[in-house]
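Where a number appears in this text, it was derived from the coordinates with a stated rule and is not lab data. In this text the structure is predicted, and so the values were computed from the model without any measurement. All Cβ positions, even for glycine, are placed from backbone atoms using ideal geometry, and neighbour counts span all protein chains on display.
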Amino acid sequence: MTTQMQELFRPSAERRRILIVEDEPVNRRILTRCLEGSYAVIPAAAGGEALEIVRDQIETISLMLLDLHLPDMHGLEILQRLKADPRYARLPVIVMTADSQAEVECLNLGAIDFIPKPYPRQEVILARIRRTVELSEDRDILRWTERDQLTGLYNKDFFYRYAVMLDDYHKDLATDALVLDVNRFHTLNDRFGKAYGDKVLQRIAEKALELVRSSGGIVCRSEADKFFIYCPHRTDYADILEKVSVSAEEDGSGNRIRLRMGVYAEADKSLDIERRFDRAKMASDAVRGSAANAFGLYDRSMSEAELLAEQLIEDFPAALREGQFRVYYQPKFDIRGDVPALYSAEALARWAHPRMGMVSPGVFIPLFERNGLIQALDYHIWSETAAQIRRWKEAQGLRLPVSVNVSRIDLLDPLLKDKLCALVADNGLDYADMILEVTESAYTEEAAQITETVKELRSLGFRIEMDDFGTGYSSLNTLSTLPIDALKLDMQFIRSAFAGRRDTRLLQAIIRLAEAVEVACIAEGVETKEQAEALKAMGCDVIQGYYFSPPLPAAEFTRFLSEEKRKPEGARER
Amino acid sequence: MLTLDDLRQFGANIQEGLDRCMSDEGFYLELVGMTLEDASFDRLSQAVAADDRKAAFEAAHALKGIVANVSLTPLYAQVSEMTELLRGGQEADYGAYLARILEMRADLLARQNG
């Protein structure tokens, strides 16, 4: 492209085009002469001709100068026709008239300005035209950028600006920040197609707009399936949720669309508007997964949890680098025989944080699972564990399989097999030395791919334990076909079975289920002799828990192992 | 050729007319020339002859606008008066108005062609 072309090919360099609708040659001549230095002039001597030009060239016409007395139709009729047609309504029209009565009528009909006749000085005409063109271009840009194209609602940036503006006008008014989310929107899109998902969003947008129009406030679509509402404080949140819900009947498909809403009520106006909506989002996330339409109210503890989470994410890289993550080992005992026999151990991550002390895995594991950092942590634990198994083997001639946790995201990593095999090979281990614990919930989505990966690992010789069994949604039908060697009952089962009014029926059923599909059954979180004996009686094969030992650091666990080894057979009874 | 002097003698508000033309004398004179040739004169003549008040009003109104733009003040006064009478639907000697208007036009045309 030539330099000259580059100069020209710029919005600001294009000569704006002005349509002059005027039948009197003298007037046309005056206006043309006045404008031609700055603009490209398109003349039209009659109304019909003018409308035809508008129809053909609307994209490139910046302004219409309209005389009211035309041979074929009155200028007001042209004005009306333009403003009634959404394709042309944006075209700014300046009316030229000697009649001051007509001026008011023209402005009411949508004329943006008028130029009196006889014409004022040329500078005045030019200045009015320049200003009108600029204003209307700005208005067009604003219209394009302030709205979300799908729903016609404000986009987030403009919504925030207007919210701040409303705050400026109503300093003492209590306000609420509301966030609306569609539960599992992506599955709607996946199952029924994007067009359907879009329709649902448009419908919700309409209803939300009706709501704020009738009761005050502003609304925007902030991202894919999220809507923000900023409104005067109210308390009828269930009602709001009801009003914006798209019901199954209305939608016609019989699909159930569930909304959830987060409310940050009587928002603290000293916080940035973005922070206020972050809080509403937290409240919404807290009711994620509710079966029915649900709303959650923000409370302070949510921010604290969020701040802690941010801190932990920030500290993660250094923690990994500096070895703050330690591996603890907890033994599993086979209780089938008369005397419990050491069966294997589980490697568990512990975080010794330099300022916070020991951080609970119950806090950091779910957090890292959500944001993917778990992958790096898992690998760290695997390699520490593999090295430890090797040390026990070499220094003490001990051969104890140790299980490690494999997260769902690891199973989607194409390099997983290579990584695990390398650890086994580098440490001179057998595949049977490492057991892989995969949570039941890992199998729920992309089930086929996950199952295939696990199958492949198992065929290499890794043993597979299904962790947290009973918390996911495994189909009993597929359980027998999954590539697993053991079911690990979720700790919660043991707790609830032995808590309060003891009810072990469910526990018993699951142990029988494990028997039926011919895999070992492992109970975690066993704390008392009573629990251990009851589980044994029910047919549970392996037990892990404080009853035998808490998770121990490697050195202590090594001592534990030596003691176990020294114990004469009969002495191990607990 | 019509000159500014001719127009001044005629009674035109030359300053105002020139202002509207960014002081471009040639352009101003060109516009005056165009005004004198404007079809509105003929339309007005025909309408008055046919006693078509509505058409006469339209033509007079258009002529008024054009004449105003070039500030031919005496001509403007006549056209303006006639327009207002026609607008109000009043009885008047429109033939006399037309005669005076055409006379002024002829005067200016004579100077232009003289």
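Which angle between 0 and 90 degrees, to the nearest 10, do you get for helix A:374-396 versus the longest principal axis of chain A when only C-alpha atoms count? That works out to roughly 20 degrees.
When chain B is treated as a GNM with alpha-carbon contacts under 10 Å, the residue of B:104, B:34, B:22 showing the greatest mean-square fluctuation is B:22. On full extension, the segment bounded by residue A:292 and residue A:161 gains 43.8 nm, given 0.36 nm per residue less the C-alpha separation.
Value of Rg to Rh for region A:502-548, rounded to two decimals, is 0.95; Kirkwood radius and Rg both from alpha-carbon coordinates.
Based only on Cα atoms, what Rg/Rh ratio does region A:328-438 have, Rh being taken as Kirkwood's radius? Ratio of gyration radius to Kirkwood radius: 1.00.
For residue B:64, a cut-off of 13 angstrom between C-alpha atoms picks up these aspartates and glutamates, skipping any fewer than 8 places away in its own chain: A:24, A:99, B:38, B:81, B:84. Centroid-to-centroid, using Cα positions, region A:360-409 and region A:500-574 are 21 Å apart. Take each residue in B:55-64, count the other chain C-beta atoms within 10 Å of its C-beta, and the mean is 2.
Each Lys and Arg Cβ is given +1 and each Asp and Glu Cβ -1; about its Cα centre, chain A then shows a dipole of about 600 debye. Over the residues of chain B, the helix contribution to mean residue ellipticity at 222 nm works out to -24500 deg cm²/dmol, using -39500 (n - 2.57) for each DSSP H run of at least 4.
Over the Cα atoms of region B:4-113, the radius of gyration divided by the Kirkwood radius equals 0.98; this is the Rg/Rh ratio.
With a cut-off of 11 Å between beta carbons, the residues surrounding residue A:123 carry a summed charge of +3, where Lys and Arg count +1 and Asp and Glu -1.
A crude spin-label estimate for the pair residue A:145 and residue B:22, with each label 7 Å from Cα along the Cβ direction, gives 3.2 nm. The modelled label-to-label distance between residue A:84 and residue A:214, using points 7 Å beyond Cα along the C-beta direction, is 3.1 nm. The helix-based estimate of mean residue ellipticity at 222 nm for chain A, built from -39,500 (n - 2.57) per DSSP H run of four or more residues and divided by its residue count, is -15000 deg cm²/dmol to the nearest 500. Binning the alpha carbon pair distances of region A:156-298 at 10 angstrom intervals from zero yields the distribution 12, 45, 32, 10, 1, expressed in whole percent. Please report the antiparallel percentage of the DSSP beta bridges confined to region A:1-144, to the nearest 5. For region A:1-144, the DSSP antiparallel bridge percentage is about 5. What whole number of Å gives the distance from the Cα centroid of region A:130-193 to the Cα centroid of region B:30-56? Comparing the Cα centres of region B:30-56 and region A:130-193, I get a distance of 56 Å. Geometric descriptor of region A:317-559, per residue, is 137 Å³ (volume of the convex hull of the Cα atoms). I'd like the distance between the alpha-carbon centres of region A:298-326 and region A:204-245, rounded to an integer number of Å. For region A:298-326 versus region A:204-245, the Cα centre distance is 33 Å.
Could you compute how fast region A:3-146 diffuses translationally, taking Rh as the Kirkwood radius over C-alpha pairs and applying Stokes-Einstein at 20 °C with viscosity 1.002 mPa s? Give it in µm² per second. Value of D from the Cα-based Kirkwood radius: 138 µm²/s. For peptide A:61-69, the mean count of partner chain Cβ atoms within 10 Å of a residue's Cβ comes to 1. Counting, for every residue in A:20-28, the Cβ atoms of other protein chains within 10 Å of its Cβ and taking the mean gives 5. So what is log10(I(q)/I(0)) for the protein assembly as shown at q = 0.06, 0.10 1/Å, when the Debye sum runs over its Cα atoms only? Treating every Cα as an identical point scatterer, log10 I(q)/I(0) equals -0.62, -1.05.
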